[in-house]
Amino acid sequence: MSFFRSIAVRQAALTAAVVLAAVLAFAVAALITVARAMEADTLHTIDTDLAGLVDVAVQGGATGLKKRIDDRLDVVSKSDAQAHYLLLDAQGYYLTGNLRPPVAVDPARSAAARVVSDGEPLLVRATRLRGGLTLYVGRSLAPAARVNAALRIRLAWAGAAALLGALAFGLLTARRLAERVARINAVFRRFQGGDSDARVNARDGDEFGRLAGHVHAHLAQIAQLLAVQREISANIAHELRTPLAHLDTRLRHVLALAPDVGMQTELYAARDDIRSIVSLFDALLDIALGEALDPTQRGVVDLSEVAADLADLYAASAEERGLDFAARIAPNVTMRGERMQLTRLIANLLDNACKFVPAGERVRLVVAAGPVITVEDSGPGVPAADRELIFRRFGRAQSRAPGHGLGLALVRVIATRHGLATRVEDAGPGARFVVAPPQARLR
């Protein structure tokens, strides 16, 4: 459906409509021109025939004219020609002819008009002759109508062919443009999903090619800025982690010497704060490590084995917390990657689920071919408005417990570096976190 909402498709449809309008205008003009030309030709034939009969009347009078018309009518009956005649005397009485009087044409002005005789359309000219005779000469318009009908059919076929050709060409062009735009949008989605190496391949020199070149340059610049930012963050985290660890050690020594209970309470609180800051720095360093993962250093990882080991570990922990934990792991699910990073990915998903699920609720780990990693819980779920926010650094859903907001950010970084996409869905109740190839869909 989105294809038909494309600007390129609408432009193709508009082009086809313009072609159709042009063909219709040409067809109408051609039909009118041909009809007028055939009528003019018919009228010329009538006038030529009439002029000959007028000469006969001048030379042979009414008798000679009647005989000539009878002779022509005899030829008409034998050859099935389309000539029509009517000769009336001075009093308006019928003398001869194959037209039935009265005929609605004014002979006083030698007028010509269309009439219908016995259901047949005719073009008739009437004139007044010497002695008061009235002569009507006509020709059938049926042959012209048949030619006109045949021409309409041919023009209709030609118009349909032109319309289909224009529509097909327009849709092919629109599809090509839509595919080029889709490639640019796909790169933006990958970049937004955390793949800082996503780039647009700008090969053509047209407008889209220049646009792709600008996108490529800007994404490269943004990636460079993000790399600098990550490097600074990693350096800060690395440099501050050691002094904080030393400070925690000193506080531990002071605790051993502090006799006052109130002072010990404050020192314990200070140590908890330091541990929280150190864990934050550890998470930032993990993210920096995940982003720096070298694809050339990857090997084949048995994801089923990794998930099974983690399932055993978390099953015991979940039992202690009163959680209903279960795993469904397909055998021999493998992929190229870095084992420790993939272990951290699944562990962070399980930590996230266990953290927000109260006792008595369920947590499920599913690993299927694809690979598709799913962690589902029956906890409070994630509001639709927060489902992208929670994968960003320091992003936390308002309905979730407090934390640094880096666990799921690391999940997305690792997944992206392994060519996988992350999403969260409504599990009704609860949340379902899915890590899978971008084209994969849950059944």
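The values are calculated or read from the model by the stated rules, or taken from the named source; none is laboratory data. Only a predicted model underlies this, so the values are computations on that prediction, with no experimental measurement involved. Heads up, the Cβs are rebuilt from the backbone with ideal geometry, glycines too, and the neighbour counts pull from every protein chain shown.
Quick rundown of the values:
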quantity: The stretch 79-108, subset surrounded by fewer than 17 Cβ atoms within 10 Å (Cβ to Cβ) and of a type in the set (Gly, Ala, Ser), residue nearest to ALA144 (Cα to Cα); calculated: ALA81
quantity: Checklist (1) modelled with pLDDT under 80; (2) surrounded by fewer than 13 Cβ atoms within 10 Å (Cβ to Cβ); (3) among the basic types (Lys, Arg) applied to ARG154, failing item; calculated: (1)
quantity: Every residue from the stretch 138-153 that is outside any strand (DSSP E or B) and touching a residue at least 24 places away in the same chain (Cβ under 8 Å); calculated: LEU141, ALA142, PRO143, ALA144, ALA145, VAL147, ASN148, LEU151, ARG152
quantity: Only listed residue being among the hydrophobic types (A, V, I, L, M, F, W, C), modelled with pLDDT of 90 or more and in contact with a helix residue (DSSP H, G or I) (Cβ under 8 Å, 6 or more places away or on another chain), chosen from ALA83, ALA126; calculated: ALA126
quantity: Qualifying residues in the stretch 44-56 (those that are crowded, with 16+ Cβ neighbours inside 10 Å and not β-branched (Val, Ile, Thr)) - the one farthest from GLY138 (Cα to Cα); calculated: LEU53
quantity: Per-region count, the stretch 303-320, residues surrounded by 15 or more Cβ atoms within 10 Å (Cβ to Cβ) and either of a type in the set (D, E, K, R) or in a loop (DSSP other than H, G, I, E, B) (or both); calculated: 1
quantity: Residue list for the stretch 169-180, filter: of a type in the set (A, V, I, L, M, F, W, C) and either under 11 Å from THR15 (Cβ atoms) or not in a helix (DSSP H, G or I) (or both); calculated: PHE169, LEU171, ALA174
quantity: The listed residue being surrounded by 15 or more Cβ atoms within 10 Å (Cβ to Cβ) and more than 30 Å from ALA90 (Cα to Cα), out of VAL187, VAL137; calculated: VAL187
quantity: Residue under evaluation PRO143, criteria (1) of a type outside the set (D, E, K, R); (2) crowded, with 16+ Cβ neighbours inside 10 Å; (3) at pLDDT below 85; (4) closer than 24 Å to VAL28 by Cβ, criterion not met; calculated: (2)
quantity: Total residues in the stretch 408-427, condition without any contact (Cβ under 8 Å) to a residue 60 or more places away in the chain and closer than 17 Å to GLU376 by Cα; calculated: 5
quantity: Qualifying position, being under 30 Å from ALA145 (Cα atoms), out of contact with any strand residue (DSSP E or B) (no Cβ under 6 Å at 6 or more places or on another chain) and either outside the structural domain of SER140 (by TED's automatic domain parsing) or at pLDDT below 85 (or both), among VAL75, VAL54; calculated: VAL75
